[in-house]
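A short worksheet on the structure shown next.
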Amino acid sequence: MDPKSKCLRGIPKVDECISLLRSIESLTAPDTIIKSAIQEVTAKEREKILTSAECNELTTEQWIARFVSAIKKKISPHLKHVFNGTGVVIHTNLGRSVLPEQTTDQLVQAGGYYSNLEFNLDTGQRGSRYSLVEDIICDLTGAEAALVVNNNAAAVLISLDTLAKGHEVIVSRGQLVEIGGSFRIPDVMAKSGATLVEVGATNRTHLRDYENALTENTAMLLRVHTSNFRIIGFTSDVSATEMVELGRRHGIATMEDLGSGSLVDFSKYGFPKEPTVQEIVKAGVDVVTFSGDKLLGGPQAGIIVGTKEIIGKIKKNPLNRALRIDKFTLAALESVLREYYDMDKAIESLPTLRMLTSSPDIVKKRGRSLLRRIKSKVTNVCEIQLISTVSRVGGGALPEHNIKSWALAFSPKTMRLSDFEKGLRKLATPVIGRMENDKFLLDMRTIQDKEVSALSELLVHFFEDESDRD
Ligand SMILES: *Cc1c(COP(=O)(O)O)cnc(C)c1O
């Protein structure tokens, strides 16, 4: 028999494996999971045998090890806590904003019990889920009315669909942005049925450009916050105030997609000046949209604030039902928004804001504490230093602003850096960092104090396993 056929014949039968795996005491998984894991593993091996030039028959132990690892992967939650050592605070791939503990308590309440989600406790009649946060958003932003939808992309879509479908919307060429995940202003515009009218040049747009583009069919003037990039040099654009003045003169609605929209003026904390939501509302823009989980530090949501008349129209749009938020989002959003009644408190209590504004000294102290816990235990397998570095805001906000920070830099002695990175990424609680100058960096800005002890234990175990292997 040729080696390939021999290998193929060596693939165990599903039924035989099931009874074998059932007898492993430490493994308690339903048969459906065991079966599907066996099928996955055997299919992968068969594919490997068929496509590679040579093949090695696996021993029974090797088969069992593969099955057990596949079963374990299937029975453990796929969505889980990871340590974010990337230094990117609003990391879209790692879940953007981290919620404060009092908010996670609210989530448990909202999920584990009935609630007054759409029940008015004063009248005993049906209520509106939005009313639970609308007054808070109005208090904080100074807007007349507010509405919350699934995310900011949805907020932009429903606003354009309501106010500009079948009409023209004027946007500066410098603001036709694409943010991650294929959200492009021109595409969202097309989906909403509005026609995009581009004005100005990439670097400069003047008020007269908007004015010259006005037609009978113009429904809106739109400003989009330029996320992810910045045009520098010979630039100019039209301010919210100028846009509002032009819109009012011609009876045309104005809108601003603020993207990461913040309620706090971060320039007080050493960041470049960005307009706050309150400032844009005060400038008189009719509709303003922003994300719940970027600089706001809350759950995924799209917040729309504006005039009573316009928000009223958007609420009646049938899309609103399709884009509505669930009770978990509402619970988290209400809890996070309440923190903003005291801005100084919000900076401390909301993890996203705290991470952004922590002084380098605080970050360094956290780094020292982690280093102290692990250093003596790992010196034979890895060199570790506490080095200064820079963190990023992320989430498309303040794209080239560097935040001074500190990181633990690991130089493994016994393994390749890429294997080291992969090893940490595969841990029960994965540790995600970044590679820089042939070192693996854990930026301590995005590690929370409450994570330091668990992270140190995990790292020590990881290094012990490494030194055992030699
Ligand atoms: C992030 C962003 C969006 C999309 O917001 P999501 O909440 O991710 O849907 C839209 N516009 C701008 C300018 C953004 O920065």
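Overview of values
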item	result
Low-density loop positions, chymotrypsin sites (Phe, Trp or Tyr not before Pro), segment 313-398 - DSSP coil, at most 13 other Cβ in 10 Å	Tyr341
Helical mean residue ellipticity (222 nm; -39500 (n - 2.57) per DSSP H run of 4+; nearest 500) of the chain	-13500 deg cm²/dmol
Isolated Cys residues of the chain, judged by Cβ distance under 4.7 Å to other cysteines	Cys17, Cys138, Cys382
Exposure ranking of Tyr114, Tyr269 by accessible area [1.4 Å probe, largest first]	Tyr114, Tyr269
Lysines whose Cα lies under 23 Å from that of Lys4, excluding same-chain neighbours fewer than 8 positions away	Lys13, Lys44, Lys48
Crossing angle, helix 327-339 versus the chain [Cα axis fit, 0-90 degrees, rounded to tens]	70 degrees
Per-peptide average of other Cβ atoms within 10 Å, ordering 298-311, 196-209, 82-95 highest first	298-311, 82-95, 196-209
Low-density loop positions, GluC sites (Glu not before Pro), segment 395-459 - DSSP coil, at most 14 other Cβ in 10 Å	Glu400
Ser69 accessible area, 1.4 Å probe, all protein chains in place, Å² to nearest 10	70 Å²
Paramagnetic reach from Leu27 (point 7 Å along Cα→Cβ, amide N under 13 Å) across segment 72-87	72-75
Rounded accessible area per residue of segment 273-401, 1.4 Å, Å²	43 Å²
Accessible area, probe 1.4 Å, largest first, for residues Ser376, Ser369	Ser376, Ser369
Solvent-accessible area, 1.4 Å probe, carbon plus sulfur percent, for the chain	50 percent
Heavy-atom accessible area ranking, 1.4 Å probe, most first, across Arg173, Arg434	Arg173, Arg434
DSSP bridge pairs, the chain: antiparallel proportion in percent, nearest 5	55 percent
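The values are calculated or read from the model by the stated rules, or taken from the named source; none is laboratory data. Computed from a predicted model, the values in this text were never measured in an experiment. Virtual Cβ from ideal backbone geometry, glycine too; neighbours counted across all protein chains shown. These accessible areas exclude ligands, DNA and RNA; they are computed on the full protein's heavy atoms, side chains included. Shrake-Rupley method; radii C 1.70, N 1.55, O 1.52, S 1.80 Å.
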